[in-house]
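Have a look at the structure below before the remarks.
The values are calculated or read from the model by the stated rules, or taken from the named source; none is laboratory data. Because the structure is predicted, anything quoted here is derived from the model rather than measured. Every residue, glycine among them, receives a Cβ derived from its backbone with ideal geometry; neighbour counts consider all protein chains shown. Surface areas here come from the heavy atoms of the whole protein model, side chains and all, with no ligands, DNA or RNA. Shrake-Rupley method; radii C 1.70, N 1.55, O 1.52, S 1.80 Å.
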Amino acid sequence: MEEESLLKAVSGLKTVGVGTFGEGEGGATSDRLFRVEPGHSAAFVLEQVTLLMGCVHKLTLQAGIEQDATSAWAAHYLVGMAKALVEDLAHGVLASA
């Protein structure tokens, strides 16, 4: 899908504030540490997800080559952030349908 047609498809779509990441105290997944703020445009969110996933790609390559656990954990947290953003947009799509 070309960039222009993607932007048309998501125009007007905003985050709704339901995407979360980061385990709460004691590893509780029901009480997440971070939440996506509502009201951000889909175009901005997709740009941020792209940047996060670019970092993840580099970190996982580095972790694999150098057996670097720190890079692997950094990638894990960045993926959690990207996932929360995408999930939040998905909820926005369903809510607007």
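For the range 43-52, indicate whether the set of residues that are open to solvent by 30 Å² or more (accessible area, probe 1.4 Å), among the aromatic types (Phe, Trp, Tyr) and more than 14 Å from the chain's Cα centre (by Cα) is non-empty.
Step one: filter the range 43-52 for residues open to solvent by 30 Å² or more (accessible area, probe 1.4 Å), giving 43-44, 46-48, 50-52.
So of that shortlist, the ones also among the aromatic types (Phe, Trp, Tyr) come out as 44.
Okay, now just the ones that are also more than 14 Å from the chain's Cα centre (by Cα), so none.
Taking every residue of the range 43-52 in turn, none turns out to be open to solvent by 30 Å² or more (accessible area, probe 1.4 Å), among the aromatic types (Phe, Trp, Tyr) and more than 14 Å from the chain's Cα centre (by Cα).
Would you pick out the residues in the range 66-84 that are outside any loop (DSSP other than H, G, I, E, B) and open to solvent by 30 Å² or more (accessible area, probe 1.4 Å)?
GLU66, ALA69, THR70, ALA72, TRP73, ALA74, HIS76, TYR77, LEU78, VAL79, MET81, LYS83
For the range 24-37, what are the residues that are at pLDDT 95 or above and either open to solvent by less than 80 Å² (accessible area, probe 1.4 Å) or aliphatic (A, V, I, L, M) (or both)?
Within the range 24-37, VAL36 is the sole residue that qualifies.
Taking THR60 as meeting all but one of (1) loosely packed, with under 15 Cβ neighbours inside 10 Å; (2) part of a helix (DSSP H, G or I); (3) at pLDDT 95 or above, write down the number of the exception.
(1)
What number of residues within the range 85-97 are at pLDDT below 95, of a type in the set (A, V, I, L, M) and open to solvent by less than 70 Å² (accessible area, probe 1.4 Å)?
Qualifying residue count, the range 85-97: 2.
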